[in-house]
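A short write-up of the structure that comes next.
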Amino acid sequence: MKIPLSSVKLMPNAVELVKEALQSGWISGTGEYVTRFEHDLAERVNRAHAVACSNGTLALEIALRALDIGPGDGVIVPALTFVAPAAAVRAIGAKPVFVDVTEESWTINPSIDPYGDYEAIIAVDLLGHPFDCNTLMRCTEGCPIIEDAAEAHGAWYEGLRVGSLGDVSTFSFHANKTITTGEGGAILTDDPELAQKIRLRVNHGMSPDRPYWHDVVGTNARMTNLTAAIGVGHVYHWNELVEARNLVARKYDERLRDLFQNTELYRRPVAAWATEACWLYTVAHPNRQPIIDALRSRGIDSRPIWTALCDLPLYRESCQGEYPVARKIATEAFWLPTWAGMPDSAIDEVCEVIHDAIRQPVR
Ligand SMILES: *Cc1c(COP(=O)(O)O)cnc(C)c1O
(Lines give C-alpha, C1' and ligand atoms only; values in the text may rest on other atoms or scores of the structure.)
Protein backbone atom coordinates (compact mmCIF):
# COMPACT_ATOMS: atom_id res chain seq x y z
CA MET A 1 0.00 0.00 0.00
CA LYS A 2 1.29 3.41 -0.97
CA ILE A 3 -0.36 5.07 2.05
CA PRO A 4 -0.38 2.64 4.99
CA LEU A 5 -3.05 2.63 7.72
CA SER A 6 -0.47 3.65 10.27
CA SER A 7 3.24 4.12 10.66
CA VAL A 8 5.53 4.19 13.67
CA LYS A 9 7.32 7.37 14.62
CA LEU A 10 10.31 6.28 16.71
CA MET A 11 11.67 9.22 18.65
CA PRO A 12 15.49 9.59 18.52
CA ASN A 13 15.77 9.73 22.32
CA ALA A 14 14.01 6.33 22.51
CA VAL A 15 16.66 4.86 20.21
CA GLU A 16 19.43 6.33 22.38
CA LEU A 17 17.85 5.01 25.57
CA VAL A 18 17.60 1.50 24.11
CA LYS A 19 21.29 1.60 23.25
CA GLU A 20 22.07 2.61 26.82
CA ALA A 21 19.86 -0.15 28.17
CA LEU A 22 21.57 -2.72 25.95
CA GLN A 23 25.02 -1.52 26.94
CA SER A 24 24.07 -1.71 30.62
CA GLY A 25 23.60 -5.46 30.22
CA TRP A 26 20.20 -5.32 31.92
CA ILE A 27 18.05 -6.80 29.18
CA SER A 28 15.43 -8.82 31.06
CA GLY A 29 12.37 -7.70 32.98
CA THR A 30 14.46 -6.15 35.74
CA GLY A 31 16.22 -2.85 35.41
CA GLU A 32 16.29 0.85 35.79
CA TYR A 33 14.21 1.63 32.70
CA VAL A 34 11.30 -0.52 33.84
CA THR A 35 11.15 1.44 37.09
CA ARG A 36 11.50 4.74 35.27
CA PHE A 37 8.85 3.86 32.73
CA GLU A 38 6.38 2.91 35.48
CA HIS A 39 7.12 6.11 37.36
CA ASP A 40 6.85 8.37 34.30
CA LEU A 41 3.66 6.72 33.07
CA ALA A 42 1.92 6.93 36.46
CA GLU A 43 2.87 10.58 36.72
CA ARG A 44 1.69 11.29 33.17
CA VAL A 45 -1.82 9.95 33.70
CA ASN A 46 -2.09 10.92 37.34
CA ARG A 47 -2.25 7.48 38.95
CA ALA A 48 -0.41 6.46 42.12
CA HIS A 49 0.90 3.13 40.80
CA ALA A 50 1.80 1.64 37.42
CA VAL A 51 3.06 -1.87 36.70
CA ALA A 52 4.60 -2.47 33.28
CA CYS A 53 3.84 -5.75 31.51
CA SER A 54 4.31 -7.46 28.18
CA ASN A 55 1.17 -6.35 26.35
CA GLY A 56 -2.27 -4.80 26.74
CA THR A 57 -4.16 -8.08 26.60
CA LEU A 58 -2.22 -9.63 29.49
CA ALA A 59 -2.66 -6.32 31.32
CA LEU A 60 -6.43 -6.91 31.21
CA GLU A 61 -6.09 -10.55 32.33
CA ILE A 62 -3.91 -9.53 35.26
CA ALA A 63 -6.23 -6.67 36.24
CA LEU A 64 -9.14 -9.12 36.33
CA ARG A 65 -7.20 -11.67 38.39
CA ALA A 66 -6.00 -9.00 40.81
CA LEU A 67 -9.66 -8.06 41.37
CA ASP A 68 -10.29 -11.74 42.21
CA ILE A 69 -12.44 -12.31 39.15
CA GLY A 70 -12.36 -15.98 38.24
CA PRO A 71 -14.13 -18.94 36.70
CA GLY A 72 -17.86 -18.46 36.28
CA ASP A 73 -17.89 -14.74 37.08
CA GLY A 74 -19.69 -12.40 34.69
CA VAL A 75 -17.79 -9.42 33.31
CA ILE A 76 -19.50 -6.67 31.30
CA VAL A 77 -17.74 -5.86 28.02
CA PRO A 78 -18.89 -3.42 25.32
CA ALA A 79 -20.22 -5.11 22.17
CA LEU A 80 -18.06 -2.85 20.01
CA THR A 81 -14.30 -2.99 20.63
CA PHE A 82 -11.17 -4.78 19.54
CA VAL A 83 -11.61 -8.33 20.84
CA ALA A 84 -8.96 -8.23 23.60
CA PRO A 85 -11.27 -7.39 26.55
CA ALA A 86 -13.62 -10.28 25.73
CA ALA A 87 -10.70 -12.64 25.15
CA ALA A 88 -9.08 -11.66 28.46
CA VAL A 89 -12.31 -12.44 30.32
CA ARG A 90 -12.58 -15.83 28.61
CA ALA A 91 -8.88 -16.57 29.16
CA ILE A 92 -9.34 -16.48 32.94
CA GLY A 93 -12.44 -18.68 32.74
CA ALA A 94 -14.95 -15.89 33.35
CA LYS A 95 -17.94 -15.02 31.12
CA PRO A 96 -18.05 -11.85 29.03
CA VAL A 97 -21.53 -10.27 28.96
CA PHE A 98 -22.00 -7.80 26.11
CA VAL A 99 -23.60 -4.38 26.53
CA ASP A 100 -24.40 -2.04 23.64
CA VAL A 101 -22.58 1.27 23.04
CA THR A 102 -24.19 4.71 22.68
CA GLU A 103 -24.66 6.82 19.54
CA GLU A 104 -23.30 9.77 21.48
CA SER A 105 -19.83 8.38 22.21
CA TRP A 106 -19.57 4.87 20.67
CA THR A 107 -18.51 3.75 24.17
CA ILE A 108 -20.30 1.48 26.65
CA ASN A 109 -23.91 2.41 27.43
CA PRO A 110 -23.73 3.18 31.17
CA SER A 111 -27.35 2.30 31.94
CA ILE A 112 -26.56 -1.24 33.00
CA ASP A 113 -28.89 -3.18 35.30
CA PRO A 114 -27.22 -2.73 38.73
CA TYR A 115 -28.62 -6.08 39.87
CA GLY A 116 -27.37 -7.94 36.81
CA ASP A 117 -25.31 -11.08 37.02
CA TYR A 118 -21.76 -9.69 36.82
CA GLU A 119 -18.77 -9.01 39.07
CA ALA A 120 -16.79 -6.45 37.06
CA ILE A 121 -16.96 -4.13 34.05
CA ILE A 122 -14.35 -3.51 31.38
CA ALA A 123 -15.06 -0.08 29.89
CA VAL A 124 -13.10 0.74 26.74
CA ASP A 125 -12.00 4.26 25.75
CA LEU A 126 -12.89 3.55 22.15
CA LEU A 127 -10.81 5.03 19.34
CA GLY A 128 -9.40 7.85 21.44
CA HIS A 129 -12.64 8.70 23.24
CA PRO A 130 -13.23 8.16 26.99
CA PHE A 131 -16.20 6.22 28.33
CA ASP A 132 -18.74 8.06 30.52
CA CYS A 133 -17.14 7.12 33.83
CA ASN A 134 -19.30 9.08 36.28
CA THR A 135 -22.58 7.87 34.84
CA LEU A 136 -21.31 4.29 34.69
CA MET A 137 -20.21 4.43 38.35
CA ARG A 138 -23.58 5.83 39.35
CA CYS A 139 -25.46 3.12 37.46
CA THR A 140 -23.40 0.19 38.73
CA GLU A 141 -22.53 1.34 42.20
CA GLY A 142 -19.77 -0.64 43.86
CA CYS A 143 -18.99 -2.84 40.87
CA PRO A 144 -15.29 -2.66 40.02
CA ILE A 145 -14.48 -0.93 36.73
CA ILE A 146 -11.43 -1.70 34.62
CA GLU A 147 -10.66 1.08 32.16
CA ASP A 148 -9.13 -0.25 28.93
CA ALA A 149 -7.29 2.84 27.70
CA ALA A 150 -5.32 1.03 24.97
CA GLU A 151 -6.60 3.32 22.19
CA ALA A 152 -6.81 6.61 24.03
CA HIS A 153 -3.44 7.80 25.35
CA GLY A 154 -3.80 11.54 25.89
CA ALA A 155 -7.61 11.81 25.93
CA TRP A 156 -9.53 13.50 28.76
CA TYR A 157 -12.81 12.91 30.56
CA GLU A 158 -14.25 15.95 32.33
CA GLY A 159 -10.80 17.22 33.31
CA LEU A 160 -9.49 13.76 34.22
CA ARG A 161 -6.83 11.99 32.24
CA VAL A 162 -7.70 8.80 30.43
CA GLY A 163 -5.84 6.03 32.25
CA SER A 164 -6.92 7.41 35.64
CA LEU A 165 -10.57 6.28 35.45
CA GLY A 166 -12.16 3.35 37.25
CA ASP A 167 -10.54 1.14 39.90
CA VAL A 168 -7.85 -0.18 37.58
CA SER A 169 -6.79 0.97 34.14
CA THR A 170 -4.75 -0.70 31.43
CA PHE A 171 -2.75 0.49 28.45
CA SER A 172 -1.34 -1.19 25.40
CA PHE A 173 1.88 0.08 23.85
CA HIS A 174 1.64 -2.00 20.70
CA ALA A 175 3.39 -0.50 17.66
CA ASN A 176 0.16 0.89 16.19
CA LYS A 177 -0.91 2.68 19.39
CA THR A 178 -0.36 6.39 20.04
CA ILE A 179 2.39 5.81 22.62
CA THR A 180 4.35 2.69 21.75
CA THR A 181 7.07 0.36 22.94
CA GLY A 182 6.68 -2.14 20.07
CA GLU A 183 4.83 -4.63 22.25
CA GLY A 184 3.95 -3.66 25.78
CA GLY A 185 1.29 -2.92 28.35
CA ALA A 186 0.70 -1.51 31.81
CA ILE A 187 -1.76 -1.82 34.67
CA LEU A 188 -2.46 1.23 36.84
CA THR A 189 -4.34 1.90 40.05
CA ASP A 190 -4.42 4.28 43.00
CA ASP A 191 -4.95 1.43 45.49
CA PRO A 192 -1.60 0.34 47.00
CA GLU A 193 -2.84 -3.13 47.97
CA LEU A 194 -4.23 -3.76 44.53
CA ALA A 195 -0.98 -2.51 42.99
CA GLN A 196 0.91 -5.05 45.11
CA LYS A 197 -1.38 -7.86 43.93
CA ILE A 198 -0.86 -6.79 40.33
CA ARG A 199 2.91 -6.77 40.71
CA LEU A 200 2.85 -10.25 42.20
CA ARG A 201 0.79 -11.56 39.30
CA VAL A 202 3.14 -10.12 36.70
CA ASN A 203 6.18 -11.68 38.37
CA HIS A 204 5.49 -15.37 39.11
CA GLY A 205 3.42 -14.61 42.20
CA MET A 206 6.71 -14.27 44.04
CA SER A 207 6.77 -12.48 47.38
CA PRO A 208 8.82 -9.28 47.13
CA ASP A 209 10.16 -9.82 50.67
CA ARG A 210 10.86 -13.53 50.54
CA PRO A 211 12.56 -14.96 47.45
CA TYR A 212 10.95 -18.08 45.99
CA TRP A 213 7.94 -17.82 48.24
CA HIS A 214 4.64 -17.89 46.34
CA ASP A 215 1.22 -17.20 47.86
CA VAL A 216 -0.60 -16.76 44.57
CA VAL A 217 -0.28 -18.31 41.14
CA GLY A 218 1.43 -15.73 38.99
CA THR A 219 2.91 -15.74 35.55
CA ASN A 220 5.78 -14.04 33.80
CA ALA A 221 4.28 -11.01 32.08
CA ARG A 222 7.17 -8.66 32.69
CA MET A 223 8.18 -5.93 30.25
CA THR A 224 11.86 -6.08 29.31
CA ASN A 225 14.23 -3.29 30.26
CA LEU A 226 14.88 -2.69 26.53
CA THR A 227 11.19 -2.27 25.82
CA ALA A 228 10.81 0.01 28.83
CA ALA A 229 13.66 2.19 27.51
CA ILE A 230 11.62 2.84 24.34
CA GLY A 231 8.68 3.61 26.62
CA VAL A 232 10.65 6.15 28.68
CA GLY A 233 11.63 7.88 25.44
CA HIS A 234 8.07 8.00 24.14
CA VAL A 235 6.34 8.95 27.38
CA TYR A 236 8.74 11.92 27.45
CA HIS A 237 7.22 13.01 24.10
CA TRP A 238 3.65 12.14 25.18
CA ASN A 239 1.99 15.49 24.38
CA GLU A 240 3.82 15.86 21.11
CA LEU A 241 2.81 12.38 19.92
CA VAL A 242 -0.84 12.88 20.98
CA GLU A 243 -1.02 16.32 19.39
CA ALA A 244 0.52 15.09 16.14
CA ARG A 245 -2.41 12.68 15.64
CA ASN A 246 -4.95 15.29 16.69
CA LEU A 247 -3.48 17.59 14.05
CA VAL A 248 -4.04 14.93 11.37
CA ALA A 249 -7.63 14.56 12.62
CA ARG A 250 -8.23 18.32 12.37
CA LYS A 251 -6.93 18.31 8.80
CA TYR A 252 -9.25 15.44 7.88
CA ASP A 253 -12.11 17.33 9.56
CA GLU A 254 -11.46 20.40 7.42
CA ARG A 255 -11.12 18.52 4.15
CA LEU A 256 -14.18 16.34 4.73
CA ARG A 257 -16.47 18.95 6.31
CA ASP A 258 -18.54 19.51 3.17
CA LEU A 259 -19.17 15.77 2.88
CA PHE A 260 -20.19 15.56 6.55
CA GLN A 261 -22.65 18.41 5.93
CA ASN A 262 -24.06 17.39 2.57
CA THR A 263 -23.81 13.62 2.27
CA GLU A 264 -24.37 10.54 4.41
CA LEU A 265 -20.70 10.41 5.40
CA TYR A 266 -20.30 11.12 9.11
CA ARG A 267 -17.47 11.39 11.56
CA ARG A 268 -16.94 9.48 14.77
CA PRO A 269 -18.86 11.63 17.33
CA VAL A 270 -17.26 13.32 20.32
CA ALA A 271 -19.46 13.73 23.41
CA ALA A 272 -19.69 17.11 25.18
CA TRP A 273 -17.90 15.66 28.24
CA ALA A 274 -14.98 14.25 26.27
CA THR A 275 -11.71 15.50 24.84
CA GLU A 276 -10.70 13.20 22.06
CA ALA A 277 -7.15 12.04 21.39
CA CYS A 278 -7.47 10.68 17.89
CA TRP A 279 -5.92 7.25 17.47
CA LEU A 280 -7.19 6.18 14.05
CA TYR A 281 -9.36 8.72 12.26
CA THR A 282 -12.74 7.06 11.85
CA VAL A 283 -15.63 7.94 9.55
CA ALA A 284 -18.79 6.06 8.58
CA HIS A 285 -21.22 5.74 5.69
CA PRO A 286 -24.29 3.53 5.20
CA ASN A 287 -22.67 2.23 2.00
CA ARG A 288 -18.99 2.22 2.93
CA GLN A 289 -17.65 -0.56 0.72
CA PRO A 290 -17.40 1.41 -2.57
CA ILE A 291 -15.48 4.13 -0.70
CA ILE A 292 -13.08 1.63 0.87
CA ASP A 293 -12.64 -0.10 -2.50
CA ALA A 294 -11.87 3.22 -4.20
CA LEU A 295 -9.27 4.03 -1.54
CA ARG A 296 -7.67 0.61 -1.71
CA SER A 297 -7.52 0.65 -5.51
CA ARG A 298 -5.45 3.83 -5.19
CA GLY A 299 -3.04 2.17 -2.77
CA ILE A 300 -4.57 3.72 0.35
CA ASP A 301 -5.00 1.30 3.27
CA SER A 302 -8.49 2.06 4.56
CA ARG A 303 -10.19 -0.67 6.59
CA PRO A 304 -13.65 -1.45 7.96
CA ILE A 305 -13.87 -1.28 11.73
CA TRP A 306 -14.08 -4.53 13.78
CA THR A 307 -17.01 -6.93 13.54
CA ALA A 308 -19.29 -6.29 16.53
CA LEU A 309 -18.33 -8.89 19.15
CA CYS A 310 -22.00 -9.93 19.42
CA ASP A 311 -21.73 -11.18 15.81
CA LEU A 312 -18.74 -13.46 16.44
CA PRO A 313 -20.01 -17.06 16.83
CA LEU A 314 -17.24 -17.65 19.38
CA TYR A 315 -18.97 -15.23 21.74
CA ARG A 316 -22.62 -16.15 21.05
CA GLU A 317 -23.21 -17.01 24.72
CA SER A 318 -22.19 -13.50 25.75
CA CYS A 319 -25.17 -11.90 24.02
CA GLN A 320 -28.28 -10.75 25.80
CA GLY A 321 -30.78 -8.87 23.66
CA GLU A 322 -30.01 -6.75 20.62
CA TYR A 323 -27.08 -4.46 19.93
CA PRO A 324 -28.46 -2.01 17.39
CA VAL A 325 -25.87 0.74 17.90
CA ALA A 326 -22.80 -1.51 17.93
CA ARG A 327 -24.09 -3.33 14.84
CA LYS A 328 -24.81 -0.11 12.94
CA ILE A 329 -21.34 1.28 13.66
CA ALA A 330 -19.67 -2.05 12.89
CA THR A 331 -21.26 -2.12 9.43
CA GLU A 332 -20.79 1.57 8.57
CA ALA A 333 -17.52 2.77 10.13
CA PHE A 334 -14.07 2.59 8.57
CA TRP A 335 -10.59 3.83 9.34
CA LEU A 336 -8.51 6.27 7.36
CA PRO A 337 -4.70 6.26 7.48
CA THR A 338 -3.51 8.09 10.59
CA TRP A 339 -0.08 8.52 12.09
CA ALA A 340 2.02 11.15 13.82
CA GLY A 341 3.63 13.27 11.16
CA MET A 342 1.42 12.03 8.28
CA PRO A 343 2.17 14.43 5.40
CA ASP A 344 -0.47 16.86 4.14
CA SER A 345 -0.09 15.47 0.62
CA ALA A 346 -1.21 12.03 1.86
CA ILE A 347 -4.19 13.50 3.74
CA ASP A 348 -5.16 15.47 0.62
CA GLU A 349 -4.98 12.38 -1.56
CA VAL A 350 -7.14 10.31 0.82
CA CYS A 351 -9.76 13.06 0.92
CA GLU A 352 -9.79 13.53 -2.86
CA VAL A 353 -10.47 9.84 -3.41
CA ILE A 354 -13.30 9.94 -0.84
CA HIS A 355 -14.82 13.00 -2.54
CA ASP A 356 -14.69 11.31 -5.94
CA ALA A 357 -16.14 8.06 -4.60
CA ILE A 358 -19.07 9.76 -2.88
CA ARG A 359 -19.85 12.28 -5.63
CA GLN A 360 -19.90 9.52 -8.23
CA PRO A 361 -23.37 9.37 -9.83
CA VAL A 362 -25.26 6.24 -8.79
CA ARG A 363 -25.89 3.92 -11.71
C1 LIG B 1 -4.81 -2.89 21.18
C2 LIG B 1 -5.85 -3.14 22.18
C3 LIG B 1 -5.67 -4.05 23.23
C4 LIG B 1 -4.57 -5.05 23.31
O5 LIG B 1 -3.32 -4.66 23.27
P6 LIG B 1 -2.10 -5.61 22.91
O7 LIG B 1 -0.97 -4.86 23.51
O8 LIG B 1 -2.04 -5.68 21.41
O9 LIG B 1 -2.32 -6.93 23.54
C10 LIG B 1 -6.65 -4.13 24.21
N11 LIG B 1 -7.76 -3.41 24.13
C12 LIG B 1 -7.99 -2.56 23.12
C13 LIG B 1 -9.28 -1.80 23.11
C14 LIG B 1 -7.06 -2.41 22.10
O15 LIG B 1 -7.31 -1.59 21.08
Tell me whether segment 327-342 contains one or more residues that are part of a loop (DSSP other than H, G, I, E, B) and closer than 22 Å to PRO85 by Cα. no
Being under 17 Å from the mean Cα position of the chain (by Cα) and farther than 30 Å from GLU317 by Cα narrows ARG36, ARG44 down to just ARG44
Residue set GLU349, GLU317, GLU322; condition of a type in the set (D, E, K, R) and not in a helix (DSSP H, G or I); output residue GLU322
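Residues checked against (1) charged (D, E, K, R); (2) farther than 25 Å from PRO78 by Cβ:
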{"site": "ASN246", "(1), (2)": "no, no"}
{"site": "LEU256", "(1), (2)": "no, yes"}
{"site": "ASN262", "(1), (2)": "no, yes"}
{"site": "VAL270", "(1), (2)": "no, no"}
{"site": "TRP273", "(1), (2)": "no, no"}
{"site": "TRP279", "(1), (2)": "no, no"}
{"site": "THR282", "(1), (2)": "no, no"}
{"site": "ARG298", "(1), (2)": "yes, yes"}
{"site": "TYR315", "(1), (2)": "no, no"}
Checked against (1) away from the ligand (no atom under 16 Å from the Cβ); (2) in a helix (DSSP H, G or I); (3) without any contact (Cβ under 8 Å) to a residue 40 or more places away in the chain, ARG44 satisfies every condition except (3)
Counting only residues that are closer than 16 Å to THR180 by Cα and without any contact (Cβ under 8 Å) to a residue 24 or more places away in the chain, segment 22-33 contains a total of 0
Flagged pairs (Cβ under 7 angstrom, 6 or more apart or on separate chains; first in segment 106-130, modelled with pLDDT under 95; second not in a loop (DSSP other than H, G, I, E, B)) are SER111/CYS139; ILE112/ILE76; ILE112/VAL99; ILE112/CYS139; PRO114/CYS139; ASP117/GLY74
Flagged in segment 77-105 as in contact (Cβ under 8 Å) with a residue 60 or more places away in the chain and aliphatic (A, V, I, L, M), in numbering order, are VAL77, ALA79, LEU80, VAL83, ALA84, ALA86, VAL97, VAL101
Going through segment 147-189 in order, the residues found to be without any contact (Cβ under 8 Å) to a residue 60 or more places away in the chain and farther than 19 Å from SER6 by Cβ are GLU147, GLY159, LEU165, GLY166
Among the residues of segment 6-21, is there at least one that is in contact (Cβ under 8 Å) with a residue 60 or more places away in the chain, over 26 Å from ARG245 (Cβ atoms) and more than 16 Å from the ligand (Cβ to nearest atom)? yes
If you go through ALA277, ALA228, ALA271, ALA294, the only one that is outside any helix (DSSP H, G or I), touching a strand residue (DSSP E or B) at 6+ places or on another chain (Cβ under 9 Å) and crowded, with 16+ Cβ neighbours inside 10 Å is ALA277
Scanning segment 56-68 for residues that are in a loop (DSSP other than H, G, I, E, B) and surrounded by 23 or more Cβ atoms within 10 Å (Cβ to Cβ) gives none
Within segment 295-324, restricting to residues that are more than 19 Å from LEU280 (Cβ to Cβ) and of a type in the set (Gly, Ala, Ser), the one that is modelled with the lowest pLDDT is GLY321
Checked segment 73-98 for anything within 12 Å of the ligand (Cβ to nearest atom), surrounded by 21 or more Cβ atoms within 10 Å (Cβ to Cβ) and assigned to a loop (DSSP other than H, G, I, E, B); matches are LEU80, THR81
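The values are calculated or read from the model by the stated rules, or taken from the named source; none is laboratory data. Since the model is a prediction, treat every value here as computed from it, not as a measurement. Positions of Cβ are backbone-derived with ideal geometry, glycine not excepted, and every protein chain shown enters the neighbour counts.
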